[in-house]
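I have placed the structure first, in the form of C-alpha cells, so that the comments after it can refer back to it.
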Amino acid sequence: MPSKASLEFARQIQGHNAELVVYSRLVGTLVELAWPLRADGSRLPANELFNYLRQKNILLECNCGLQESNSTREPLSCVIRWDGLAGHPVLATCNESPSVCGMMLNITSIARTSRRTSQYLQLPDSVHNQLSDNNAAPPVLKYLHNFRRLNYQDTTVAPYFPGYFGEYSEFYGHRNRQIKGMYSMECYDYVRKQRAVPLKVLPRFSLTIFQSRTAY
Ligand SMILES: [Zn+2]
C-alpha cells in the first residue's frame, strides 16, 4: 500500500507538471492526459471542465485510488472547486473533506500550460445524462490495448494515455459522477501560499522603503 510519502509524491508530480496528470484505475497508476479542445478547436477553459465531464458522463478521480484498498472500490471523483472569484484558480481536490490523499491540482494552470491537446472525438456526449442507442460507451478496451502497445517502462511515473479522459460513469452507476464544490479551507490555504511566492522576489528597493519607514 502506498505510504503518505507516495501520495505526497503524486501531489508533487501533479503540481509541477505542465500536463494534466491524474490517477487512472484502468491502468492502476498516474497517467498524463491531453487537455480537451472544444469543437471549434479552442482550448477548453478551466471553468468549463466540470460541465464537459458531466456532458460526456466521465469523471476524473482523486489520488485515493493509489491506495490499494481504494483501487478495488468504485471510482472516487475528485471535486472540481471554484469560489467564483476572478483571479482564483479552478482546483481539483480529494473526494473526501478534509482531504485524505492531499490532491490539489491547479486546473486553471493546466488549461494554459498543457501541450498535449485532444478533441476526444471518440467520447460521446450523453443525452440528458442517459445512455441511449445513439451514444455508445467509450472504447475502453481499445484505449487499454493502445496504451499497452506503447510499452512504457515501469519507471515512467505518469505515462501518456492517449484517448482516455477519466472513467466512464455509466460503468459504475449514476451515483458515480463528476462532482464539484465551493472552495474548501485547503483551497484557500493553497491560494494564500501561491500568492506568498511572489513576495520572495520583491525588488530590493521595496524592502528598503519598508525597512526605512519602520526604522522611525
Ligand atoms: Zn482522495
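Side notes on the structure shown:
- In the range 4-190, taking the dipole from charged Cβ atoms about the Cα centre, the farthest positive-side position among Ile13, Tyr188, Asn146 is held by Asn146.
- Between Gln55 and His16, full extension at 0.36 nm per residue minus the direct alpha carbon distance yields a gain of 11.2 nm.
- Stokes-Einstein D for the range 1-71, Kirkwood Rh over Cα pairs, 10 °C, 1.306 mPa s (µm²/s): 117
- Spin-label zone in the range 58-77 - amide nitrogen under 18 Å from a point set 7 Å from the Cα of Glu96 along the C-beta vector: 61-77
- Segment Arg195-Thr117, extension gain: residue separation times 0.36 nm, minus the distance between their alpha carbons: 25.3 nm
- Each of Pro162, Met103, Leu66 was placed along the dipole of the range 4-190 (beta-carbon charges, centred on the mean Cα), and the one lying farthest toward the positive end is Pro162.
- Counted over the range 4-190 with a bin width of 10 Å, the fraction of Cα pairs per bin, in whole percents, is 9, 38, 40, 12, 1.
- Charged-residue dipole, Cβ positions (Lys, Arg, Asp, Glu), the range 1-99 about Cα centre, Debye nearest 20: 100
- For Met182, the shell of other residues with beta-carbons less than 9 Å away shows a net charge of +1, using +1 for Lys and Arg and -1 for Asp and Glu.
- Gyration tensor (alpha-carbon) shape descriptor, the range 152-194, a/c threshold 1.5: oblate
- When the alpha carbon gyration tensor of the range 19-60 is reduced to an equivalent ellipsoid, its three semi-axes come out at 21, 12, 8 angstrom, largest first.
FYI, it's all coordinate maths here, none of it is from the lab. Owing to the predicted nature of the structure, the values given are computational and were not obtained by experimental measurement. Please note: Cβ atoms are built from the backbone with ideal geometry, for glycine as well, and neighbour counts cover all protein chains shown.
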